[in-house]
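Each remark here refers to the structure printed beneath this line.
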Amino acid sequence: MRNRQPINNGWLYKPHFTEEDLLSSHGFDAVRLPHTNIELPYNGFDEKSYQFISCYKKSFQIDNELSHKEIVFVFEGVMNHSKVYINGQYVTEHFGGYTPFEVNATPYLNSSDDNTIAVVVDSTERNDTPPFGFVVDYLTYGGIYREVYMEYRSPVIIENVKIATPEVSAQHSTYEIDIFTSAPLDSSYLIKAEILLEDEPIYTHTLPCDETTLFSVNDGFHNTKLWSLDDPALYQLRVQLIHKDETVDEFSTKFGFRTVDFRNDGFYLNGELVKLRGLNRHQSFPYVGYAMPKSAQIKDAELLKYDLGLNCVRCSHYPQSKFFLNHCDAIGLLVFEELPGWQHIGDEVWQENALISIEEMIRRDWNHPSIIIWGVRINESKDSDAFYSKANALAHKLDSSRQTGGVRNFAGSKVFEDVYTYNDFVHRGDNIALEAPQKIAKRKMPYLVTEHNGHMFPVKKFDVEKRRVDQAIRHAKVLDTMYETAEISGAIGWCMFDYNTHKDFGSGDKICYHGVMDMFRIPKYASAVYASQSDLKPFMEVLSSMQIGDFEASELGHVMVFTNADFIKVYKNNHLLGTFYPSTDLLKHLPHPPVIIDDLIGDLLELGESFSREDAKIVKRILLSVASHGPKLSLKDRLSMGKILLKYKMSFQDAADLYTRYIGNWGQASTEFKFEGYKNGEHQLTITKSADAIPTLKITPDSYHLIEEDTYDVTRIVISVNDQYGNALPYQMPAVTLETAGPVEIIGPKTFALIGGSRAFWIKSTGEAGDAQISVHVEGFEKENIHIKMEISAS
C-alpha cells in the first residue's frame with residue numbers, strides 16, 4: 001500500500017543560495033512549511049524584496065520496513081521555479097508555482113539513514129514562466145508555500161483517476177471512470193473500484209488487467225443524491241490495485257453527481273437555471289503572502305459562502321489550494337478556475353509552460369464537483385490564435401465534461417472557448433452598469449461577466465462614508481443588471497478583499513483597495529450588497545453611521561439598508577417613524593432590493609410643533625428635500641415655506657432651527673435610531689445607531705482551538721473598536737501591542753495600529769500542545785487576554 005507522510009517540519013532555510021549550500025548547512029535557519037521566503041510589511045515595501053533565489057533542505061531517514069518501496073516527494077506548490085537535489089545530486093526541475101509536482105528520489109538515496117533533499121527556489125519573475133514577462137497586478141511572493149509529503153510507493157501505482165457524471169437525476173444517474181496506472185498491468189493484477197456514500201460501499205467494479213495504462217468504467221445507478229448549492233452531497237471513489245491478492249496501491253477521491261452547462265440563456269446546474277453571484281479571490285494574506293495552511297484556506301471559502309452569501313468564486317488568476325477547493329466541494333460553492341497569467345503572452349517556451357500548467361491544473365482538479373468551467377486564456381490578454389487553439393483543444397481532450405472560458409477585456413475577440421467570459425468595467429456610477437452581451441461577444445453564445453468594479457472605484461475602509469456607500473451602490477447596480485439580463489449567466493465582482501500589488505498599480509503603497517473586504521477579511525459596506533442577496537441567514541446592514549458631519553454640508557440624504565428582511569421598522573428615540581419596504585424602483589431586479597429610508601422625521605413635527613397635520617407634511621417634505629438636495633429649493637417649495645412662516649409667525653431662523661432639530665438632531669440630550677428587520681412577520685434583527693458613540697473594544701478569534709495535523713494550524717483574531725451598540729467606528733485607529741505566552745506565535749508584527757476602526761492578525765501553533773495566551777493592549781482600553789487551546793492530532 002502507498003504510505004504518505006507529511007514532512008512539513010524540520011526544514012532548514014537560507015534566503016540566498018550558493019552552490020556550496022547543497023553540501024553545507026551553514027547559515028541555515030529552522031522553518032516549518034508552508035513557508036514564505038520573506039515576511040513582508042503590510043504596505044509600502046519594495047516588491048523586489050521577495051524576488052531572489054533561496055534554498056530549503058531537510059534530512060530524512062528511510063523506514064526500514066518500507067525500504068523496498070520507491071520514495072517519492074510530493075510538492076503541492078513552490079513559487080516559482082524549483083530545482084530539486086537528493087544527496088547533492090540534481091534530480092529534476094519544475095516551472096510554475098501554482099501546481100503540484102513529484103520527485104522520485106529512489107535512484108539517488110544513500111544506503112545509510114543519512115539522506116538530504118534540497119530545493120533551490122527561484123522566486124524571481126522569470127520570462128519563461130507564466131504569469132511573468134511584463135507587469136502583473138498582484139504579487140506572487142516566494143518559497144515552499146504549500147505542503148510537502150513523502151510517499152512510499154510500489155513500482156506500479158494508480159497515478160490518477162477521473163470521474164464524470166454525464167447524466168444526472170435523483171431517479172437515475174450515470175458515471176464514467178477513467179483509471180490511469182503508471183505502467184501497463186499484466187493479468188496478475190486486478191483493479192477494484194468502489195463508490196461509497198458516507199463510508200458505505202454502494203457499487204463495486206472489478207476490472208481485469210491486460211497490458212494497458214488506462215482502464216474505464218461506464219455505469220449508473222438509481223436513487224442518486226445530487227450535488228447542489230444547498231445540499232452538496234459528496235460520494236467517494238476508492239480504487240485499489242491488487243496484485244496476487246495483495247492491495248499494493250489505493251487512490252481515493254471525492255466527487256458529486258451534478259451537471260453544469262452554460263447556455264445562451266444562462267447557467268444551469270442539474271438542469272436548473274442559476275444566476276452566478278460571485279467575487280474573485282486571490283490566495284494571499286498579509287505578511288506571509290501565499291504561505292497559509294489548510295484552516296486559512298477553509299476559512300476563506302466559508303467567508304465567501306456564508307458571510308458574503310455567494311454561490312460562485314473565481315480563482316484569480318491561477319490554480320489555488322486543494323484545501324480551498326475541497327471545502328468549496330463540501331459547502332456548495334461553485335468555482336471558476338484558470339491557468340496562471342495576467343495580460344502578457346510570452347514566447348514559445350513560455351507558452352509551452354502555460355500549456356503544462358493547464359494540464360497540471362486539470363489533472364489535479366478534474367474531480368471537484370464545485371469546478372464548473374476551466375479558464376484557458378491568459379487574463380485580459382490579446383488574441384493569439386495558435387496558442388489559444390492549443391489551450392482549448394488540450395482542455396477539451398483532458399476533460400470533455402466541462403466547458404472552457406477565456407477571460408478578456410475587449411469586445412469581439414477571437415473565440416475558441418465555449419463561454420465568452422468578459423471583464424466588464426464600463427460602469428462609472430452614473431452610466432450603464434454592464435454592456436449588452438451581444439455587443440461585446442459579436443455573436444450569440446454563453447456569456448459570463450468575470451470582473452466588474454474593482455479599480456474603477458477603489459475604496460479604503462477609512463474613507464469618508466459617502467465613498468464607502470458609493471462603492472456598495474456600484475456593485476449593486478451591476479448585480480441588478482446581471483439579474484435583469486437573461487443572457488448574462490452571472491457576474492463575478494472584483495474582488496473579495498484588498499491585496500498587495502506591484503508598483504504599477506494600487507494606491508502607491510503596494511495595495512489595491514479593490515475589495516469588498518480589507519486585506520484582513522474585514523467587511524466594507526460593499527460586502528453587504530452580496531450578503532443581503534442570500535437567504536442562508538438573516539442579514540441587515542445600515543449603510544450609515546447617522547453622523548451628518550461626515551457629509552458635505554451636513555446633508556445626510558437617504559439612508560440605504562441592504563437586507564434580506566421583508567420590511568424594516570425605524571424608530572427615533574423609541575418613537576416609530578415608519579415602516580419601510582424594499583425599493584420597487586431602485587435595483588428592483590435583485591432578489592432583495594435595498595430598503596431606502598427617506599423619512600427620518602415621521603410624525604414628530606406634528607407631535608412636537610404647533611403645525612396642523614397637513615402643514616407638518618409640507619414642512620417635513622421641504623426639510624427632507626434640503627437634507628437630500630441642499631438648501632436651493634424649488635419655486636413651489638419656497639412659496640409653500642413662505643406661507644408656513646407667515647401663517648405661524650415664524651422667522652427664517654425659526655425654520656433653520658427646525659432643520660437643526662429634526663434633521664441635524666442638534667442640541668438634544670441624545671438621538672438614537674433603531675432599525676428592526678422583519679421576516680415572515682417575525683422580528684429577526686435590530687441595529688441601533690446613536691449620535692453619542694461610546695467606544696468599546698471587541699476581540700474575536702475565528703477559533704479558540706487549533707489542531708496540528710499535517711503542519712501548523714492558524715486562526716485569525718479580529719480587533720475592532722465599536723460603539724456601545726456594536727457598530728463599527730471607522731475613524732478609530734489606536735495603537736495595538738500584542739504579547740504571547742505558551743505554544744503560540746504571532747504572524748506579522750506585534751505592534752501596529754488599527755485601520756479604519758479594526759484590524760486582524762493571525763496566530764499559529766508551534767508544534768506543542770497546551771494552552772496559549774495572547775494579550776491584546778489597545779491604546780485607551782484595558783488589556784484583554786485571549787486563551788487558545790493548542791492540540792497535536794494523534795493521526
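Can you tell me which residue is most open to solvent (accessible area, probe 1.4 Å) among those in the range 325-353 that are of a type in the set (A, V, I, L, M) and within 21 Å of the chain's Cα centre (by Cα)? My answer is A330.
Evaluate the range 464-471: report whether one residue or more is open to solvent by less than 10 Å² (accessible area, probe 1.4 Å) and basic (K, R). No, every residue in the range 464-471 fails to be open to solvent by less than 10 Å² (accessible area, probe 1.4 Å) and basic (K, R). Considering only residues that are of a type in the set (A, V, I, L, M) and part of a loop (DSSP other than H, G, I, E, B), which ones fall in the range 1-42? M1, I7, L23, L33, I38, L40 - these are the residues of the range 1-42 that are of a type in the set (A, V, I, L, M) and part of a loop (DSSP other than H, G, I, E, B). Does Q403 satisfy the condition of being closer than 16 Å to G375 by Cα and either of a type outside the set (A, V, I, L, M, F, W, C) or free of Cβ contacts under 8 Å to residues at least 40 places away in the same chain (or both)? Spelling it out, Q403 is indeed closer than 16 Å to G375 by Cα and either of a type outside the set (A, V, I, L, M, F, W, C) or free of Cβ contacts under 8 Å to residues at least 40 places away in the same chain (or both). Pairing residues of the range 40-59 that are within 17 Å of K14 (Cα to Cα) with residues that are of a type in the set (D, E) and not in a helix (DSSP H, G or I), at Cβ distances under 9 Å and at least 6 apart in sequence or on separate chains, gives Q51/E125; F52/D122; I53/D122; S54/D122; S59/D114.
For the range 610-668, a residue qualifies if it is in contact with a Phe, Trp or Tyr (Cβ under 7 Å, 6 or more places away or on another chain), closer than 26 Å to Q547 by Cβ and without any contact (Cβ under 8 Å) to a residue 40 or more places away in the chain, and the qualifying residues are V619, T660. With respect to being part of a loop (DSSP other than H, G, I, E, B), surrounded by fewer than 21 Cβ atoms within 10 Å (Cβ to Cβ) and of a type in the set (V, I, T), I356 falls outside the description. Checking the stated criteria, T700 turns out to be assigned to a strand (DSSP E or B) and among the polar types (S, T, N, Q).
Each residue in the range 164-185 was checked for being aromatic (F, W, Y) and either without any contact (Cβ under 8 Å) to a residue 60 or more places away in the chain or in contact with a Lys or Arg (Cβ under 7 Å, 6 or more places away or on another chain) (or both), and 1 pass.
Output the residue which, of all residues in the range 478-508 that are over 22 Å from the mean Cα position of the chain (by Cα) and modelled with pLDDT under 95, is most open to solvent (accessible area, probe 1.4 Å). Out of the qualifying residues, it is K503. The set of residues from the range 773-790 being in contact (Cβ under 8 Å) with a residue 60 or more places away in the chain and closer than 27 Å to N9 by Cβ comprises I786, H787, I788, K789, M790.
To keep it simple, each residue is scored yes or no on (1) open to solvent by less than 20 Å² (accessible area, probe 1.4 Å); (2) closer than 19 Å to P286 by Cα; (3) modelled with pLDDT under 95.
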{"residue": "T696", "(1), (2), (3)": "no, no, no"}
{"residue": "H705", "(1), (2), (3)": "no, no, no"}
{"residue": "S720", "(1), (2), (3)": "yes, yes, no"}
{"residue": "A741", "(1), (2), (3)": "no, no, no"}
{"residue": "K750", "(1), (2), (3)": "no, yes, no"}
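Looking only at residues that are part of a helix (DSSP H, G or I) and among the acidic types (D, E) in the range 544-562, which one is surrounded by the fewest Cβ atoms within 10 Å (Cβ to Cβ)? Only one residue tops the list, namely E552.
The residues in the range 669-694 that are loosely packed, with under 15 Cβ neighbours inside 10 Å and polar (S, T, N, Q) can be counted, and the count is 3.
Go through the range 364-423 and count every residue that is buried (at least 21 other Cβ atoms within 10 Å of the Cβ), of a type in the set (G, A, S) and assigned to a helix (DSSP H, G or I). So the answer is 2. The set of residues in the range 759-768 that are surrounded by 15 or more Cβ atoms within 10 Å (Cβ to Cβ) and out of contact with any helix residue (DSSP H, G or I) (no Cβ under 9 Å at 6 or more places or on another chain) comprises R759, A760, F761, I763, K764, S765, T766.
Quick check on D710: is it among the acidic types (D, E) and surrounded by 19 or more Cβ atoms within 10 Å (Cβ to Cβ)? In short, yes.
For the range 638-657, a residue qualifies if it is open to solvent by less than 30 Å² (accessible area, probe 1.4 Å) and at pLDDT below 85, and exactly one does: A655.
Taking the criterion of being modelled with pLDDT of 95 or more and assigned to a loop (DSSP other than H, G, I, E, B), would at least one residue in the range 113-123 satisfy it? Within the range 113-123, one or more residues are modelled with pLDDT of 95 or more and assigned to a loop (DSSP other than H, G, I, E, B). So, A528, is that one crowded, with 23+ Cβ neighbours inside 10 Å and closer than 29 Å to G726 by Cα or not? Yes; evaluated as a whole, the condition is true for this residue.
Please find, within the range 228-268, the residue that is nearest to E176 (Cα to Cα) out of those that are touching a helix residue (DSSP H, G or I) at 6+ places or on another chain (Cβ under 8 Å) and open to solvent by less than 60 Å² (accessible area, probe 1.4 Å). Step by step, filter the range 228-268, then rank; the result is G256. Can you name the residue in the range 105-123 that is among the charged types (D, E, K, R) and over 23 Å from I53 (Cα atoms) and, of all such residues, is most open to solvent (accessible area, probe 1.4 Å)? Per the criteria, the residue is D114.
Taking each residue of the range 377-388 that is of a type in the set (F, W, Y) and looking for partners that are open to solvent by 60 Å² or more (accessible area, probe 1.4 Å) and in a loop (DSSP other than H, G, I, E, B) with beta-carbon atoms closer than 7 Å, six or more apart or interchain, yields Y388/F416. Of the residues making up the range 113-168, those that are of a type in the set (S, T, N, Q) and either within 26 Å of the chain's Cα centre (by Cα) or under 21 Å from D504 (Cα atoms) (or both) are S123, T124, N127, T129, T140.
In the range 153-169, the count of residues that are open to solvent by less than 20 Å² (accessible area, probe 1.4 Å) and under 30 Å from V31 (Cβ atoms) is one or more. Out of the residues in the range 206-218 that are outside any loop (DSSP other than H, G, I, E, B) and not β-branched (V, I, T), which is surrounded by the most Cβ atoms within 10 Å (Cβ to Cβ)? Top of the filtered list is F215. Pull up the range 295-324, narrow it to residues that are crowded, with 24+ Cβ neighbours inside 10 Å, modelled with pLDDT of 95 or more and hydroxyl-bearing (S, T, Y), then point me to the one that is nearest to S765 (Cα to Cα). Of everything passing the filter in the range 295-324, S321 is nearest to S765 (Cα to Cα).
When T140 is tested against the conditions (1) part of a loop (DSSP other than H, G, I, E, B); (2) of a type outside the set (D, E, K, R); (3) out of contact with any strand residue (DSSP E or B) (no Cβ under 8 Å at 6 or more places or on another chain), the lone failure is (3).
Scanning the range 520-539 for residues that are in contact with a helix residue (DSSP H, G or I) (Cβ under 8 Å, 6 or more places away or on another chain) and not hydroxyl-bearing (S, T, Y) yields R521, P523, K524, A526, A528, V529, A531, Q533, L536, K537, F539.
The values are calculated or read from the model by the stated rules, or taken from the named source; none is laboratory data. No experiment lies behind these values; they were computed from the predicted model shown. Positions of Cβ are backbone-derived with ideal geometry, glycine not excepted, and every protein chain shown enters the neighbour counts. Ligands, DNA and RNA are excluded from the accessible area calculation, which covers all protein heavy atoms including side chains. Shrake-Rupley method; radii C 1.70, N 1.55, O 1.52, S 1.80 Å.
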